[in-house]
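The values are calculated or read from the model by the stated rules, or taken from the named source; none is laboratory data. This is a predicted model, so every value here is computed, not measured. Heads up, the Cβs are rebuilt from the backbone with ideal geometry, glycines too, and the neighbour counts pull from every protein chain shown.
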Amino acid sequence: MAEMDIDIPDFDNVPGNWLCLDFTHTLANRYNPDRRELLHSYRDLLAWGLYMRLVTEEEVQQLLHVAEQRPREASTTTEDAVRLREAIYRVFYAIVEDSEPRQDDMALLNAMLAQAMSHARVEAKENGYSWSWDTSESVLNLILWHVVRSAADLLTSEKLRDVRACSAEDCRWLFLDISKNHSRRWCDMQTCGNQAKARRHYQRQRVQS
């Protein structure tokens, strides 16, 4: 099997601190006119998986080969990835806003979780046991299994109360607040935080003038 190149798009490096929250960042500038979709193709999904170290380069090559043999399935997997990403964003954003997640979003999460967990395995490791996936069929939605299980783990974790949305109205980036006093407001102090400080300074100056 000939090796196929894969380009890694410019994924934002501001961490969400939890896999499924990082996945929502594949739609950049969500609330801006210049929003950018980063998952245009199955190759992009694999590139993100490689970027997040969910798959190895060898697995990427294998999956790319399968995708070339099954292009319709690869296209459907990409569409499913976007649907899953948007459902995850709406579910956790609703929770941040103290609202009830939409039933159809929870139904999608549960349906994809059930499909993923049918391939879950517990394997012996050198120092114990760990979760793994049955990849004997070279399934194209391997990365989605990681993501949807991550969402289920966070929803059922005490850490759910630490999920935040960036306070910038034109950002609302989701992240897990792992700061010492759990008071983080911005996805990144160097961008949204500084912009908010600059706006407040400008408004104070206008009031004083």
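Given the options ARG30, ARG72, name the one that is among the basic types (Lys, Arg) and modelled with pLDDT of 95 or more. Unique residue meeting the criteria: ARG72. Residues that are of a type in the set (Gly, Ala, Ser) and in contact with a helix residue (DSSP H, G or I) (Cβ under 9 Å, 6 or more places away or on another chain) were ranked within the stretch 108-149; the one that is farthest from VAL163 (Cα to Cα) is SER138. Pairs needed: first member in the stretch 167-190, on the phi > 0 side of the Ramachandran plot; second member anywhere, among the charged types (D, E, K, R) and assigned to a loop (DSSP other than H, G, I, E, B); C-beta distance under 7 Å; at least 6 residues apart or different chains. From residues that are on the phi > 0 side of the Ramachandran plot, the pairs are ARG172/ARG30. Among the residues of this structure, ASP105 counts as one that is surrounded by 14 or more Cβ atoms within 10 Å (Cβ to Cβ), in contact with a Lys or Arg (Cβ under 7 Å, 6 or more places away or on another chain), of a type outside the set (S, T, N, Q) and part of a helix (DSSP H, G or I).
Would you check if ASP105 is among the charged types (D, E, K, R), on the phi > 0 side of the Ramachandran plot and modelled with pLDDT of 95 or more? Criteria not met by ASP105.
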